[in-house]
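Okay, so here's the structure we're looking at.
The values are calculated or read from the model by the stated rules, or taken from the named source; none is laboratory data. Quick caveat, the model's predicted, so the values are computed rather than measured. Cβ placement follows ideal geometry from the backbone for every residue including glycine, while neighbour counts extend to all protein chains displayed.
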Amino acid sequence: MSVNSGLEGVTAASTRLSYVDGERGELIIAGFSLAELAANATFEETTWLLWHGELPTAQQLARFRSELSAQRSLRPATIALLRACAAARADTMDALRIAAGTISLDSNEPTAIVARIPTIVAAYARLVDGLEPIAPRTDLSHAANYLYMLSGDVPDAERTRALETYLNTVVDHGLNASTFACRVITSTGSDLVSAIVGAIGALKGPLHGGAPGPALEMVFEIGDASRSEEVLRRKIEGGDRLMGFGHRVYKVRDPRADVLGAAAERLFTRGGDLSLYTLARSVEATALRLLEEYKPGRRLQTNVEFFTALLLHGLELDVPQFTPTFAIGRVSGWIAHALEQRANGRLIRPSSEYVGVRDRRWLPLDARSTAA
């Protein structure tokens with residue numbers, strides 16, 4: 001029996017949702033290049049595209065926005081759980097996983113899940129800071145409403161566009177760990193909320209959810225472009241991984257890094273302070289040069305984490321909100337995969353290779369050795 005550890009190279013599903021080519025650095029979302037879609041679509045349009053296979057008409061989009069905005073409010077039981085999580089100082093992703101399960105108290109519909117995940121994340125962020133949650137508004141877009149619930153201020157068009165670009169960029173990415181977990185759960189005939197909760201659990205793992213926080217911390221640690229080479233050489237020679245560089249799939253530059261890099265440049269330029277963006281670009285250039293020097297041929301390029309950190313920091317999100325905000329974007333992709341899997345109707349049940357001992361004989365308890 002041939003074993004593919006980690007299922008690498010195994011094709012487990014057919015999908016119309018996204019195509020990832022790691023050798024060419026290409027990501028296609030429902031037929032659109034990532035750069036084309038992320039910079040132009042609203043998040044509601046991208047969600048509709050993934051769920052229905054086509055961009056919405058103006059009438060469909062208006063109705064869909066109305067359906068989403070009408071389902072943003074959380075039940076009292078959900079708020080109570082979030083308060084308990086805040087009192088225990090629970091990890092933000094744990095709080096999201098716990099609270100997401102309560103959506104099924106009154107709905108298992110895709111729109112309810114997408115609508116309430118941002119409300120959960122924003123409410124918990126405020127509760128942890130000792131503040132009361134801000135009720136969602138129905139007159140704001142999905143992205144604008146999330147930023148509003150975090151701060152109480154209605155974001156301007158530039159901040160909203162920056163977040164929409166981010167959410168579009170991370171909405172789907174092939175059969176990654178959380179998406180596969182979602183499809184496996186769906187394949188058993190389980191409900192949609194259960195599949196999303198399972199996907200959130202998978203996303204929490206640092207080998208999948210990534211490390212956008214540490215990538216930003218590295219930039220702050222360097223502080224000045226003149227220190228980039230000194231700090232980065234020390235890290236590489238000490239065996240540290242440079243956060244924000246290298247990807248299991250992409251052997252060239254992660255296309256999401258380019259999209260988010262451009263979005264970050266626009267956000268910081270319009271905000272009137274390019275110093276952090278300029279520093280980050282300097283750190284990136286030095287890191288790429290040193291990685292090629294120390295690890296020639298490894299093709300360790302900038303990945304999505306590096307500019308995720310910069311963009312979300314520019315939107316004034318705290319590091320604990322980075323991965324949950326990723327989930328706000330990815331949940332639409334998870335649901336799209338769940339709907340595909342339902343249509344497929346096939347239980348996902350791979351085989352395993354047994355490598356344990358054989359031919360054991362049962363011994364009564366009093367005949368077993370107590371030796372270690």
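Please find, within the stretch 239-263, the residue that is surrounded by the most Cβ atoms within 10 Å (Cβ to Cβ) out of those that are of a type in the set (G, A, S) and touching a residue at least 40 places away in the same chain (Cβ under 8 Å). Talk me through it step by step, then tell me what you get.
Quick first cut of the stretch 239-263, residues of a type in the set (G, A, S) only: 239, 244, 246, 257, 261-263.
Still in the list and also touching a residue at least 40 places away in the same chain (Cβ under 8 Å): 244, 246, 257, 261-263.
Numbers: G244: 28, G246: 19, A257: 24, G261: 20, A262: 16, A263: 24.
Ranking the candidates gives G244 first.
Being buried (at least 21 other Cβ atoms within 10 Å of the Cβ) and either assigned to a loop (DSSP other than H, G, I, E, B) or not basic (K, R) (or both): is that true of T111 here?
No, not satisfied.
Select from the stretch 335-358 the residues that are β-branched (V, I, T), touching a helix residue (DSSP H, G or I) at 6+ places or on another chain (Cβ under 8 Å) and assigned to a loop (DSSP other than H, G, I, E, B) and list them in ascending order.
Applying the first criterion (β-branched (V, I, T)) to the stretch 335-358 yields 335, 348, 355, 357.
The next check asks that each one be touching a helix residue (DSSP H, G or I) at 6+ places or on another chain (Cβ under 8 Å); those that pass are 335, 348.
Passing the criteria: only I348.
Could you please find all residues in the stretch 279-292 being within 15 Å of V231 (Cβ to Cβ) and not hydrophobic (A, V, I, L, M, F, W, C)?
S282, E284, T286, R289
Report, by residue number, each residue of the stretch 4-27 that is under 21 Å from F180 (Cα atoms) and either touching a helix residue (DSSP H, G or I) at 6+ places or on another chain (Cβ under 7 Å) or of a type in the set (G, A, S) (or both). Full working, then the answer.
Going residue by residue through the stretch 4-27, those that are under 21 Å from F180 (Cα atoms) are 4-22, 26-27.
Result: S5, G6, G9, A12, A13, S14, T15, L17, S18, G22, E26, L27.
Look through A367, A327, A338, A309 and report the one residue that is over 23 Å from L216 (Cα atoms) and in contact (Cβ under 8 Å) with a residue 24 or more places away in the chain.
Answer to the selection: A338.
How about the stretch 264-312: which of its residues are within 20 Å of the chain's Cα centre (by Cα) and buried (at least 23 other Cβ atoms within 10 Å of the Cβ)? Steps first, answer last, please.
Restricting attention to the stretch 264-312, the residues satisfying the condition of being within 20 Å of the chain's Cα centre (by Cα) are 264, 301-312.
Those that are within 20 Å of the chain's Cα centre (by Cα) and buried (at least 23 other Cβ atoms within 10 Å of the Cβ): A264, T302, N303, V304, E305, F306, F307, T308, A309, L310, L311, L312.
I'd like the residue in the stretch 135-159 that is more than 14 Å from L312 (Cβ to Cβ), of a type outside the set (A, V, I, L, M, F, W, C) and not in a loop (DSSP other than H, G, I, E, B) and, out of all such residues, is modelled with the lowest pLDDT.
Here the residue is E158.
Here are L68, L96, L147, L127: which of them is buried (at least 17 other Cβ atoms within 10 Å of the Cβ), in contact (Cβ under 8 Å) with a residue 40 or more places away in the chain and within 29 Å of T269 (Cβ to Cβ)?
It is L147.
So which of T278, T269, T286 ends up being over 28 Å from L175 (Cα atoms) and either touching a Ser or Thr at 6+ places or on another chain (Cβ under 7 Å) or basic (K, R) (or both)?
T286
With the structure loaded, tell me whether F32 is among the aromatic types (F, W, Y) and in contact with an Asp or Glu (Cβ under 9 Å, 6 or more places away or on another chain) or whether it fails that test. Let's see the steps before the verdict.
On the way: among the aromatic types (F, W, Y): yes; in contact with an Asp or Glu (Cβ under 9 Å, 6 or more places away or on another chain): no.
Judged against the criteria, F32 is not a match.
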